[in-house]
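Presented below is the structure to which this report refers.
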Amino acid sequence: MAGLTALPNGLSSMGNPVTGGTYLTTGSVYFVDSNTGKDSNDGKDPDHPFATVDHGVAHCTSGKMDMVFVMPNHAETISSSTGMRISVSGVKVVGLGSGEQRPTFTLDTAVASKCEITGHSAYLENLLFKSGIDAITYGIHVSATDVTLKNIEWRDDATNNYQVGTAIATSSSGAGGCIIDGFVLNNPVDPGGTRTVYGIHMRSPRRCEIKNCYINTDTSHGIYSSTGVAAGAGGYNLIRKNFLQKTGSTSAPMIEWSSDAKGSVVCDNIIFNPTTDGEDPLICDTGSFLFRNFIVNQPGEVGIECEVVGTT
Amino acid sequence: MTLTDYPNGVSSFGLPVIGGQFITTGSIFFVDSNTGSNSYNGKDKDHPFSTLSYAVSKCTANKGDVVYAMPGHIESMSSSEALNVNKAGVKIIGIGHGYLRPRITFDTTASANIAISSCDVTIENFVFDASTAAVNLTGLVRVNASDFTLLNCEAMLPTSEELVYGAVYMAATSDDRMTIDGLKVAASASSACDATYSVIHVGGGDGHKIINSFISISNLGSTLAAGVINLSSAATTGPQGVLIDNDIVVTTASSAGTCLINLTSGSGSGIISNCYLAHADDGEDTHIGGTEQLSEFGIFQVYVNNVLGERGFLFGSTYVSAT
């Protein structure tokens, strides 16, 4: 390839794949579809997709920002702790479709089943994860730096009483710069099973951002970062504009942020904690600055700005 | 020229298809320190240049030329103006996210920097990494031209040395309309920036915008009153028509006089709105400070905080007063 390729009537291309969206990459592009794909395909166009995301990721080159488009109605089951590994640095896995047509990953068989992200700068977008067993330990586990999770949803199973233990967790070291934007865990009715422990559990977060998330479930904590934060190990995070609602009656706050995550900013969060009047919905100890977080802890009341000066 | 229909739905009016979302009729060049060579023509991703400086030299001013820096590109600034963007209208765009965003490092020379010396330049999606600097630095991106835009970039501050005059430094010039949009600065070490003077220093010009940015650092060092954002001018009238909107600027520094936005002598006018400002200097009120009167600025929905673990209050309320 040399220079712009002049195609008829004015179209010219320099070789960047035209993906039809807003994605800019100079890397390779692959397609995955469990319905029409085979891992013996080359995966290079929607008519010859791979069958599994793991296979698509395996074809990517580290550090090149390769993309894997997962086609609508793609479905996979993840049945072990190594069932899905995003291990290539910079790979971007983007789901196509909306609602139930989004690519779906059901975690089943073992509570240790998970989507493990070990490649730094990996990016996951528009994927739907489901509980296929009760009390999954970590649904998505991030153990690399600078990972982005955008518009990911987790759905529990009220029919079978499967509820995720912790939907998203980062490892105790090396997961700095994680961005979680637009995550949804919404159980309007308690799905039964074992109560969720954490919606999002960040260990030693540094330079992390959690924003625009909606967590509504019977959980101990919606967003949590205390246990596992070594002194001085975290800091400078942004927790902004999240909507948190608790359906159960546990006394734990919906946001708890460690004093060791120094210099964090917790702002513009909306917390509805209707069954625990008198409890602190927000505890940030002495590590964070708080701005304009609003709470309601009695149904039918008007939210007020959070006054809590909490201690863990 | 009519629309051309290609297989699988692509149609074109004749503009280069670059795979992104903006339009240019200028030339396109690629840069990659890992696979590139300045003996290449730089015109496609498989034959990139190896340095940004060389790519800029191949651009033509005022044509809307674009330089793409590829994922994992890394380039070290070891002298003053090691990268001098001196072609008007050039866009330098990084491809990638996280740690794979193109990265500019600053190392052994105090004056190591990027110079913006022509108008209408844009730099987007880069990391300016001074975390391993071995000397005190005097500004990472030094702006000496109007209409410069810095979009969605991150700066990593020194962990052991000083950063004098900031990540972005505009001298006391008449250069106007600088836009800093989406800058992230999150100190990378608990002892970072022991003597950082400011993160953004605006010394002159009018019509600047500093918006949608998140700056959280551990310390401001010895000259705390300089401010994280420093609107300073030696001229009689400083920057006029400045917009500071939707920024979060905090530091865990607790020394007396810590200042987040500084309006020093000669500072002009503008709007400061929808911002959260915090330091840990309980008892001090200098969130927006300096010797210039605040009356020249409109302050809207600015919240301030001076105790870690507590909530902020509306600037100007009975809880925290203006300077």
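The values are calculated or read from the model by the stated rules, or taken from the named source; none is laboratory data. Owing to the predicted nature of the structure, the values given are computational and were not obtained by experimental measurement. Every residue, glycine among them, receives a Cβ derived from its backbone with ideal geometry; neighbour counts consider all protein chains shown.
Here are a few things to note about the model shown:
- Close pairs (7 angstrom Cβ cut-off, 6 or more residues apart or separate chains): touching a residue at least 24 places away in the same chain (Cβ under 8 Å) and surrounded by fewer than 22 Cβ atoms within 10 Å (Cβ to Cβ) in the stretch A:53-68, of a type in the set (A, V, I, L, M, F, W, C) and assigned to a loop (DSSP other than H, G, I, E, B) anywhere: A:Ser62/A:Val88
- Across the stretch B:53-108, the qualifying residues are those that are in contact with a helix residue (DSSP H, G or I) (Cβ under 6 Å, 6 or more places away or on another chain) and within 14 Å of another protein chain (Cβ to nearest Cβ), and the one among them that is surrounded by the fewest Cβ atoms within 10 Å (Cβ to Cβ) is B:Gly72.
- Residues in the stretch A:63-95 that are part of a loop (DSSP other than H, G, I, E, B) and out of contact with any Lys or Arg (no Cβ under 8 Å at 6 or more places or on another chain): A:Gly63, A:Lys64, A:Met71, A:Asn73, A:His74, A:Ser79, A:Ser80, A:Thr82, A:Ser87, A:Val88, A:Ser89, A:Val91.
- Listed by position, the strands (runs of 3 or more DSSP E) contained in the stretch B:108-187 that have at least 1 residues being among the hydroxyl-bearing types (Ser, Thr, Tyr) and more than 17 Å from B:Ala82 (Cα to Cα) are B:122-124, B:149-151, B:179-181.
- Single match in B:Gly36, B:Gly64 (criterion: modelled with pLDDT of 95 or more and over 19 Å from the mean Cα position of the chain (by Cα)): B:Gly36
- In the set (1) among the hydrophobic types (A, V, I, L, M, F, W, C); (2) more than 14 Å from chain B (Cβ to nearest Cβ); (3) touching a Phe, Trp or Tyr at 6+ places or on another chain (Cβ under 6 Å), the condition left unmet by A:Ile136 is number (3).
Residue by residue, here is whether (1) within 20 Å of A:Thr118 (Cβ to Cβ); (2) of a type in the set (S, T, N, Q); (3) not in a loop (DSSP other than H, G, I, E, B) holds:
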| residue | (1), (2), (3) |
| --- | --- |
| A:Ile133 | no, no, no |
| A:Tyr138 | yes, no, no |
| A:Thr159 | no, yes, no |
| A:Val164 | no, no, no |
| A:Ala169 | yes, no, yes |
| A:Asp190 | no, no, no |
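- Answer from A:Asp45, A:Asp39 - the residue that is within 30 Å of B:Ile23 (Cβ to Cβ) and either of a type in the set (Phe, Trp, Tyr) or in a loop (DSSP other than H, G, I, E, B) (or both): A:Asp45
- The listed residue being modelled with pLDDT of 90 or more, under 23 Å from B:Val302 (Cβ atoms), more than 9 Å from chain B (Cβ to nearest Cβ) and crowded, with 24+ Cβ neighbours inside 10 Å, out of A:Asn237, A:Asn242: A:Asn242
- Sole exception among (1) surrounded by fewer than 24 Cβ atoms within 10 Å (Cβ to Cβ); (2) assigned to a loop (DSSP other than H, G, I, E, B); (3) free of Cβ contacts under 8 Å to residues at least 40 places away in the same chain for A:Ser113, by number: (1)
- Unmet criterion (only one of (1) away from chain A (no Cβ under 13 Å); (2) modelled with pLDDT of 95 or more; (3) under 23 Å from B:Pro239 (Cα atoms)) for B:Phe126: (3)
- Note on the stretch A:107-133: residues that are among the aliphatic types (A, V, I, L, M), within 14 Å of another protein chain (Cβ to nearest Cβ) and in contact with a helix residue (DSSP H, G or I) (Cβ under 8 Å, 6 or more places away or on another chain) amount to 1.
- Of all residues in the stretch B:127-168, those that are hydroxyl-bearing (Ser, Thr, Tyr), in contact (Cβ under 8 Å) with a residue 40 or more places away in the chain and closer than 21 Å to B:Pro102 by Cβ total 1.
- Inter-residue pairs, beta-carbon under 6 Å, first closer than 12 Å to B:His208 by Cβ and in the stretch B:173-184, second of a type in the set (Ser, Thr, Tyr) and surrounded by 19 or more Cβ atoms within 10 Å (Cβ to Cβ), 6+ apart: B:Asp175/B:Ser146; B:Asp176/B:Ser146; B:Arg177/B:Ser146
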